[in-house]
Amino acid sequence: MPEPVGTVLLAAGRGTRFGANPKLLSPLDGKPLVRHAAEAAVAAGLGPVVAVLGHAGEQIRAALAGLPLTVVENPDYAEGLSTSLRAGLDALPGEITAALVLLGDMPRVGPGLLVRLAEGFRSASVAPSAVVPVRDGRRGNPVLLNRRLLGPGIATLDGDRGAGPLLARRDDVFELPVDEAGVLIDVDTPAALAGLT
């Protein structure tokens with residue numbers, strides 16, 4: 001039985017560039033944007049899934065209804081993504097040493113990619129600090145974080161940033177080449193959403 005890998009689904013942001021309506025509730029292929037990412041996380045079957053909610057929390061909770069995941073409210077979501085990342089990681093069981101960080105606005109990331117990121121972590125001879133998908137020479141998302149190596153640093157993150165500042169200074173990040181364009185596609189505007197349909 002392989003070591004479980006947790007998933008933190010970040011679904012708390014305001015999505016201000018999207019306009020007045022909650023971005024993560026916008027329909028894509030007949031379901032809310034956020035549900036695509038959540039279903040991929042559950043279908044990967046890697047370990048516990050934690051969804052971090054904030055803006056439009058009750059509506060997003062309803063959009064995730066019926067999925068086997070844990071919902072955590074982040075009362076500090078307006079202070080930026082870093083607060084949601086910490087809330088999600090803190091909600092995972094302590095024995096979970098690695099966690100995928102999945103953005104709620106990346107509907108073209110499928111379960112197969114999540115499994116490959118986890119396998120990259122599990123098969124490394126020396127545990128990396130992170131596993132990052134790379135397409136066309138660019139780092140994308142989701143990112144798998146090693147909680148043991150990055151734990152103290154994650155506590156220092158602030159503002160609207162994820163783990164990028166921590167990883168930029170490290171030489172033990174495993175870059176996993178991937179073909180999926182979805183690792184570089186997040187939906188920030190209505191035009192970006194329209195481009196996916």
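The values are calculated or read from the model by the stated rules, or taken from the named source; none is laboratory data. This structure is a prediction, so every number in the text was calculated from the model and none was measured. Cβ atoms come from the backbone with ideal geometry, glycine included; neighbour counts cover every protein chain shown.
Of all the residues in segment 118-148, those that are in contact with a Leu (Cβ under 6 Å, 6 or more places away or on another chain) and part of a loop (DSSP other than H, G, I, E, B) number 4. Just one of the listed residues (6, 47, 13) is modelled with pLDDT of 95 or more and touching a Ser or Thr at 6+ places or on another chain (Cβ under 8 Å), and it is 47. Does residue 53 satisfy the criteria of being touching a helix residue (DSSP H, G or I) at 6+ places or on another chain (Cβ under 7 Å), closer than 16 Å to residue 142 by Cα and either at pLDDT 95 or above or surrounded by fewer than 18 Cβ atoms within 10 Å (Cβ to Cβ) (or both)? Considered against the rule, which asks whether it is touching a helix residue (DSSP H, G or I) at 6+ places or on another chain (Cβ under 7 Å), closer than 16 Å to residue 142 by Cα and either at pLDDT 95 or above or surrounded by fewer than 18 Cβ atoms within 10 Å (Cβ to Cβ) (or both), residue 53 comes out as no. Is one or more of the residues making up segment 68-75 hydroxyl-bearing (Ser, Thr, Tyr) and over 18 Å from the mean Cα position of the chain (by Cα)? Scanning segment 68-75 turns up no residue that is hydroxyl-bearing (Ser, Thr, Tyr) and over 18 Å from the mean Cα position of the chain (by Cα).
Listed conditions (1) under 11 Å from the mean Cα position of the chain (by Cα); (2) at pLDDT 95 or above are all met by residue 106, apart from (2).
When residue 181 is tested against (1) surrounded by 16 or more Cβ atoms within 10 Å (Cβ to Cβ); (2) hydrophobic (A, V, I, L, M, F, W, C); (3) in contact (Cβ under 8 Å) with a residue 40 or more places away in the chain, exactly one condition is not met: (1). Evaluation of residue 156 against the conditions (1) assigned to a loop (DSSP other than H, G, I, E, B); (2) farther than 29 Å from residue 14 by Cα shows that the sole unmet condition is (2).
Anything in segment 179-191 that is touching a helix residue (DSSP H, G or I) at 6+ places or on another chain (Cβ under 9 Å) and modelled with pLDDT under 85? List them, or say none. Once the filter is applied, which keeps residues that are touching a helix residue (DSSP H, G or I) at 6+ places or on another chain (Cβ under 9 Å) and modelled with pLDDT under 85, segment 179-191 yields 185, 186, 187, 188, 189, 190. Taking segment 43-70 as the range and being in a strand (DSSP E or B) and over 15 Å from residue 25 (Cβ atoms) as the test, the residues that pass are 49, 50, 52, 70. When segment 27-37 is filtered for residues that are touching a helix residue (DSSP H, G or I) at 6+ places or on another chain (Cβ under 8 Å) and in a helix (DSSP H, G or I), the ones remaining, listed by number, are 33, 34, 35.
Give segment 71-104 a look and list any residue that's touching a strand residue (DSSP E or B) at 6+ places or on another chain (Cβ under 7 Å), of a type in the set (A, V, I, L, M) and part of a helix (DSSP H, G or I), or say none. Answer for segment 71-104, where residues must be touching a strand residue (DSSP E or B) at 6+ places or on another chain (Cβ under 7 Å), of a type in the set (A, V, I, L, M) and part of a helix (DSSP H, G or I): 81, 85, 87, 89, 91.
Among the conditions (1) modelled with pLDDT under 90; (2) over 26 Å from residue 193 (Cα atoms), the only one that residue 18 does not satisfy is (2).
Could you check, for segment 116-133, whether at least one of its residues is of a type in the set (Asp, Glu) and either surrounded by 13 or more Cβ atoms within 10 Å (Cβ to Cβ) or within 18 Å of residue 11 (Cα to Cα) (or both)? There is at least one residue in segment 116-133 that is of a type in the set (Asp, Glu) and either surrounded by 13 or more Cβ atoms within 10 Å (Cβ to Cβ) or within 18 Å of residue 11 (Cα to Cα) (or both).
Could we say that residue 112 is in contact with a Ser or Thr (Cβ under 9 Å, 6 or more places away or on another chain), farther than 19 Å from residue 24 by Cα and either of a type in the set (Lys, Arg) or modelled with pLDDT of 95 or more (or both) here? No: the conditions fail for residue 112. Would you point out which residue out of 196, 176, 157, 167 is surrounded by 14 or more Cβ atoms within 10 Å (Cβ to Cβ), modelled with pLDDT under 85, aliphatic (A, V, I, L, M) and within 24 Å of residue 116 (Cα to Cα)? Of the residues listed, the single one that is surrounded by 14 or more Cβ atoms within 10 Å (Cβ to Cβ), modelled with pLDDT under 85, aliphatic (A, V, I, L, M) and within 24 Å of residue 116 (Cα to Cα) is 196.
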